[in-house]
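What follows is calculated from the coordinates using simple rules that are stated; it is not laboratory data. Treat the numbers as computed from the prediction; the structure is a model and nothing was measured. When we count neighbours, we look across all protein chains shown, and the Cβ atoms used for this are built from the backbone with ideal geometry, even at glycine.
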Amino acid sequence: MTLLDTALDTPVALRTGRRFTTADVAAMSASFEGCHPSEVIGWAVEEFGSRLSLSASFADTLLIDLAVKVEPDIEVVFIDTGFHFAETLATARRAMARYALNLTVLRPLPTAADVWTHGVDTCCGSRKVAPLERHLVANADAWMSGLRRDDGPQRADAPIVDLDLRGLVKVNPLAAWSTPDVERYILENDVLINPLTFEGYPSIGCWPCTDPADPTDPRAGRWSGSAKTECGLHA
Ligand code: SF4
């Protein structure tokens with residue numbers, strides 16, 4: 001057993017006093033297969049209360065739309081890396097106007113490395129991962145993301161509930177939703193969409209590291225030309 005295995009098998013004590021092991025979250029995740037994302041969100045809100053955050057990228061407001069219907073005051077966190085497309089920042093502003101979000105904007109330290117001088121792994125580490133970790137470790141027991149198995153092969157086994165490497169409970173309410181599920185909900189609920197989606201960007205991150213891509217391989221446009229496939233937030 002590695003040190004990492006040992007850390008993951010150590011129960012995580014939460015505000016509620018409840019403790020989660022990897023076996024607990026695996027069982028919980030399995031029990032949510034086939035459930036609507038709103039049920040998963042409802043469980044997370046009930047379990048973690050104000051110690052639950054939702055991480056938003058503003059490629060769309062699908063997860064936000066679902067979550068605020070369960071808990072209008074849920075904390076939404078947005079990592080402003082300093083390299084977002086203008087369209088992404090505009091989508092964030094439209095979301096604020098539509099949903100009156102309880103929004104927390106996280107920013108890198110002034111000394112954070114950037115892609116131009118330090119490469120993509122160091123840049124993502126200091127501009128994305130570190131700000132989220134600082135915030136979550138201080139303020140949360142659990143966080144939610146819009147990660148889906150349909151995003152690509154690297155995410156094909158994503159659980160609905162997990163423990164992340166920070167010792168926090170990670171909830172992926174949309175994990176099992178297919179692209180047609182997403183498209184149906186977006187149409188029926190008039191979900192806000194980042195306009196870059198209609199210009200050939202099926203996955204949207206920072207502008208220096210995002211290219212248009214074939215919709216059948218949505219994340220192919222992220223860090224294209226390098227071996228990098230994830231920013232590190234979902235570790
Ligand atoms: S996606 Fe690119 S610009 Fe954004 S934090 Fe990562 S390396 Fe830096």
Worksheet item: In the chain, with Lys and Arg counted as +1 and Asp and Glu as -1 at Cβ, which of these residues, T210, A140, G152, has the Cα nearest the positive end of the dipole, that is, farthest along it?
Response: A140
Practice prompt. Please say if the chain is rounded, prolate or oblate, where rounded means a/c under 1.5 for a ≥ b ≥ c the square roots of the C-alpha gyration tensor eigenvalues, and otherwise the choice is prolate for a/b larger than b/c and oblate otherwise?
Written response: rounded
Discussion item. Counting other beta carbons within 10 Å of each residue's own, what order do I79, I74 fall into, fewest first?
Written reply: I74, I79
Discussion item. Using +1 at the C-beta of Lys and Arg and -1 at the C-beta of Asp and Glu, which of G119, S38, P108 has the Cα lying farthest in the positive direction of the dipole of the chain?
Written reply: P108
Worksheet item: Using θ = phi - 60° and the Karplus form 6.51 cos²θ - 1.76 cosθ + 1.60, what ³J(HN,Hα) does each residue of the stretch 88-97 get, whole Hz, x for Gly and Pro?
Response: 5, 5, 5, 5, 4, 5, 5, 5, 4, 5
Fill in: the chain: most fluctuating residue of V40, V191, V105 per GNM, C-alpha cutoff 10 Å
V105
Response to the item:
For the stretch 101-235, shape from the Cα gyration tensor axes a ≥ b ≥ c, cut at a/c of 1.5 then a/b versus b/c, turns out oblate
Worksheet item: Can you list the lysines whose alpha carbon is less than 23 Å from that of K228, not counting same-chain residues fewer than 8 positions off?
Response: K128, K170
Worksheet item: How far is the Cα center of the stretch 25-86 from the Cα center of the stretch 149-168, in Å?
Response: 14 Å
Worksheet entry | Label-point separation in nm, D121 to T22, each point 7 Å along Cα→Cβ | 2.3 nm
Worksheet item: Using a Gaussian network for the chain with springs between C-alpha atoms less than 10 Å apart, which of these wobbles most: G49, G225, G146?
Response: G225
Worksheet item: From the square roots a ≥ b ≥ c of the eigenvalues of the alpha-carbon gyration tensor of the stretch 171-214, which class results: rounded (a/c under 1.5), prolate (a/b over b/c), or oblate?
Response: prolate
Practice prompt. Return the single residue from D151, D141, D217 with maximal mean-square fluctuation; model: Gaussian network over the chain, springs between Cα atoms under 10 Å.
Written response: D217
